[in-house]
Amino acid sequence: MTDLYAVFGNPVAHSKSPLIHSAFAQATAQDLIYEARLAAVDGFKQAISDFQAAGGKGANVTVPFKEEAYRLCTRLSERAARAGAVNTLAFNGAEIFGDNTDGAGLVRDITVNLRRSLAGQRILLLGAGGAARGVIAPLLAAQPASLLIANRSADKAAALAKSFLDIAATTETTVGPRVNAGNFAETAGKSFDIVINATSASLSGESLPLPSGIFAAASLAYDMMYGRGDTPFMVLARQQGAAHCADGLGMLVEQAAEAFFIWRGVRPETTAVLAELRTALSA
Ligand code: ATR
């Protein structure tokens, strides 16, 4: 019997997940079908329940349903509980297991594909929404020297940093990386080895008001967004002296590989799929 998987989103037609997972299935000889399913904005729960009833084994969840998926689960991985959002569901009888593979995907893209260690690095994370929240715990687990969360509204960054204090260094303890928060202006006069854009500013083509001088020599600027050519953040980072720039296409493929592993117990090779997507994107 061919197993059935799908990605649920709204919109979802643009999703590259069916292509990625079909390529993984072929490369690992797994008998499965993976489809894109559009769910009505107020119809996510019903869509998942219909999919389970039809024999669906697991699903990915994308915008705008990741928080709703989190609430729907009967069991959560620790990283999904931390993220407050779920991008991977696995169905087992009445159980709905939820995981979040976004942070693992980011860390793997940076450390394996881009060959950059996160350990001991000064990291600046831009943004304090769902995308930022999803990657903080895996970033801290990689033992950077420090993590500064900078956001347009500083209050949101401070609240987010506070929710990770139990795994960060504080004034009382030196265990774990130091986590700080502020607005963009507070990055002035500091420099960072890795700057990650987790804001949605690129979506609207807007550029971030970053002070100059924040990119250390040999720094990496990483945009979790991707598109044809450089994103506005990558253009800005290059202008301000970032030595290396990357978009989020590798993160997309790596989060998918992690989901595939959860469902099938097999870790697919990602290099060929990433190269194929890159070629298609720049064509
Ligand atoms: P996501 O799930 O993609 O993180 P979100 O939760 O709506 O979406 O968060 C969007 C993030 O992008 C926020 O950090 C937001 O900043 P605010 O919290 O100050 O709203 C940030 N953002 C969006 N557009 C931006 C812009 N033009 N300039 C700076 N930050 C922006």
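Here is how the numbers come out for the structure above:
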read-out	value
Enclosed volume per residue, in Å³, of the convex hull spanned by Cα atoms of the chain	130
J(HN,Hα) series, the stretch 27-33, from Karplus relation 6.51 cos²θ - 1.76 cosθ + 1.60, nearest Hz, glycine and proline x	5, 9, 6, 9, 8, 8, 10
Dipole of the chain, positive direction: furthest Cα of S191, F24, G58, with charges on the beta-carbon	S191
Dipole moment magnitude, nearest 20 debye, the chain about Cα centre, only Lys, Arg, Asp, Glu C-beta charged	400
Per residue solvent-accessible surface (Å²) - the chain, probe of 1.4 Å	45
Heavy atoms of I167 accessible to a 1.4 Å probe, total area in Å² rounded to 10	60
Count of lysine pairs in the chain with Cα separation under 28 Å (8 or more residues apart, or interchain)	10
Separation between Cα centres of the stretch 249-267 and the stretch 156-226, rounded to whole Å	26
Residue-level accessible surface for S49, protein heavy atoms, 1.4 Å, Å²	50
The stretch 3-100: radius of gyration over Cα atoms, expressed as a fraction of 2.2 N^0.38 Å	1.01
Relative contact order %, the stretch 3-100, counting alpha carbon pairs below 8 Å whose residues are six or more apart	28
Net charge of neighbours whose Cβ lies under 10 Å from the Cβ of L252, counting Lys and Arg as +1 and Asp and Glu as -1	-3
Sequence of D223, D31, D166 when ordered by accessible area, the most exposed leading, probe 1.4 angstrom	D166, D31, D223
The chain: calculated mean residue ellipticity at 222 nm from DSSP helix runs of at least 4, using -39500 (n - 2.57)	-10000 deg cm²/dmol
Exposure of R75 as accessible area (Å², to 10), given a probe of 1.4 Å and all protein chains	120
Alpha-carbon centroids, the stretch 70-108 and the stretch 12-65: separation in whole Å	15
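The values are calculated or read from the model by the stated rules, or taken from the named source; none is laboratory data. Model, not experiment: these values are computed from the prediction. Positions of Cβ are generated from backbone atoms using ideal geometry, with glycine treated the same way; all protein chains shown enter the neighbour counts. Protein only, heavy atoms only, side chains kept; ligands, DNA and RNA dropped before computing areas. Shrake-Rupley method; radii C 1.70, N 1.55, O 1.52, S 1.80 Å.
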